[in-house]
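First comes the structure, then the notes that go with it.
The values are calculated or read from the model by the stated rules, or taken from the named source; none is laboratory data. Note that the structure is a prediction, hence the values are computed from the model and not measured. In this analysis, Cβ positions are derived from the backbone assuming ideal geometry, glycine residues included, and neighbour counts consider all displayed protein chains.
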Amino acid sequence: MKLFSWFTFKNLFKVLIFILIISGSVFYAIDLIQEKNNLMDIEEYAPKSTLVVPENLIKRSKYPFIDVHNHQFDMPLKDLSKLTAEMDSLNMAFMINLSGFRGLYLKKTLENVQENAPSRFGIFVNLDFEAIDEPDFKKATLSLLEEAVQNGVMGLKVYKSLGLTSRDANGNRIAVNDPRLDPIWNKCGELGIPVLIHSGEPASFWKDKDKHNERWLELRQKPRRYRDPELNPSFEEVMAEQHDIFKKHPNTTFINAHLGWMGNDLDRLGKHLDTYPNVVTEIGAVLAELGRQPKRAKQFFASYQDRILFGKDAYKVSEYYTYFRVLETDDEYFDYYRKRHAHWKMYGLALPDSILKKLYYKNALKLFPSIQPSLFE
């Protein structure tokens, strides 16, 4: 019996070795075929255009600007002198950090700003919506908002988790328009602070991950961004919930983040803004939608020039250069800074100075009158 077991193990070992050799040979052969036929993955392909066109590389905006959509997650301890030096190089006069959180984190963030750069930064507070079923949720949350504003907070930021992943005590999804949250939106209106709200994701995240999905590369690199329709509310359902609170709370100003995920359909976005006069929008992380349709985008900016704010989202100095180039120049056929967001090329809108000034700072100054106007003189 022992001898039989030894032979069985020996044969199994031989089979495994054989499989490894065959597998290695197959992969080697595939590599040779790919090399011979000059095949590569789409993620590797990065051709240099031979198109000869004017290039205007801008590292500093034409006018001082307010970034209403930024995230500085280490602000309680951050060296603000280095950050303000970078802002100066870009001509960024004022930055709003949406990630102020709450409690001690918010307290330390506000202290750092007030002590080291009070005229250059604004802070938004964030709420824990998953505490919605706690007995004192309403009272505690409204008190938190009141105290935050007294201490210098400029607005409320709502993350995409509301409506997608946030759950109540019973494990049910908390809808964006859950009536238990109505007092929060009302309170923001009473306090005179805007709500910057990010709801949902690009609609393509709900679609099949196939060759027809223009977000395929992003879903390949970031698979957790896919929204399985069997497990998630639909894109339209989440958007409808968001739009419902805009309608129910006309005395509260809402900043619909990321062009409300309608940057690929500016006619729809225009109707949206027409329907909800208490809503403005911003261009954070969706510049690629505008840069691929320069004629229509320029018309949209002309029509809604008083309703659009400048925002960037993720902070990286060099990425602002592409924003400036799309907004200020009439350059053609140039790259966006992140392939998974735009495998297509950008084109400049060449916005007129009157619209640039509104986009860069004038519209934001109307929402945030505490920002020093002298920063833009």
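Points to keep in mind about this one:
- Of all residues in the range 101-130, those satisfying the criterion of being assigned to a helix (DSSP H, G or I) and farther than 20 Å from Leu191 by Cβ are Leu104, Tyr105, Lys108, Glu111, Asn112, Glu115, Asn116, Glu130.
- Residue among Arg292, Arg225, Arg268 that alone is touching a strand residue (DSSP E or B) at 6+ places or on another chain (Cβ under 8 Å) and among the charged types (D, E, K, R): Arg292
- Taken together, the residues in the range 211-233 that are loosely packed, with under 11 Cβ neighbours inside 10 Å, under 20 Å from the mean Cα position of the chain (by Cα) and not charged (D, E, K, R) amount to 1.
- Filtering the range 113-128 to residues that are buried (at least 19 other Cβ atoms within 10 Å of the Cβ) and out of contact with any Phe, Trp or Tyr (no Cβ under 9 Å at 6 or more places or on another chain) leaves Ile123, Phe124, Leu127.
- Filtered residue count, the range 47-72, keeping only those that are part of a strand (DSSP E or B) and among the aromatic types (Phe, Trp, Tyr): 1
- Residues satisfying the stated conditions in the range 179-189, i.e. farther than 15 Å from Tyr159 by Cα and touching a residue at least 12 places away in the same chain (Cβ under 8 Å): Arg180, Asp182, Pro183, Asn186, Lys187, Cys188, Gly189
- Pairs where the first residue, in the range 137-151, is assigned to a helix (DSSP H, G or I) and the second is modelled with pLDDT of 95 or more and not hydrophobic (A, V, I, L, M, F, W, C), C-beta under 6 Å, 6+ apart: Lys138/Pro183; Leu142/Lys187; Leu145/Lys187
- Cβ-Cβ contacts under 6 Å between residues 6 or more apart (or on different chains), taken from a first residue in the range 152-168 that is modelled with pLDDT of 95 or more to a second residue that is among the polar types (S, T, N, Q), are listed as Lys157/Asn126; Gly163/Ser199.
- Selection count, the range 254-278, where residues are within 26 Å of Ile96 (Cβ to Cβ), outside any helix (DSSP H, G or I) and either aromatic (Phe, Trp, Tyr) or out of contact with any Leu (no Cβ under 6 Å at 6 or more places or on another chain) (or both): 7
- Subset of the range 301-323 (residues that are aromatic (Phe, Trp, Tyr) and surrounded by fewer than 21 Cβ atoms within 10 Å (Cβ to Cβ)): Tyr304, Tyr315, Tyr321
- Yes/no for Lys298 being within 21 Å of Leu359 (Cα to Cα), out of contact with any Gly (no Cβ under 6 Å at 6 or more places or on another chain) and either among the aromatic types (Phe, Trp, Tyr) or surrounded by fewer than 21 Cβ atoms within 10 Å (Cβ to Cβ) (or both): yes
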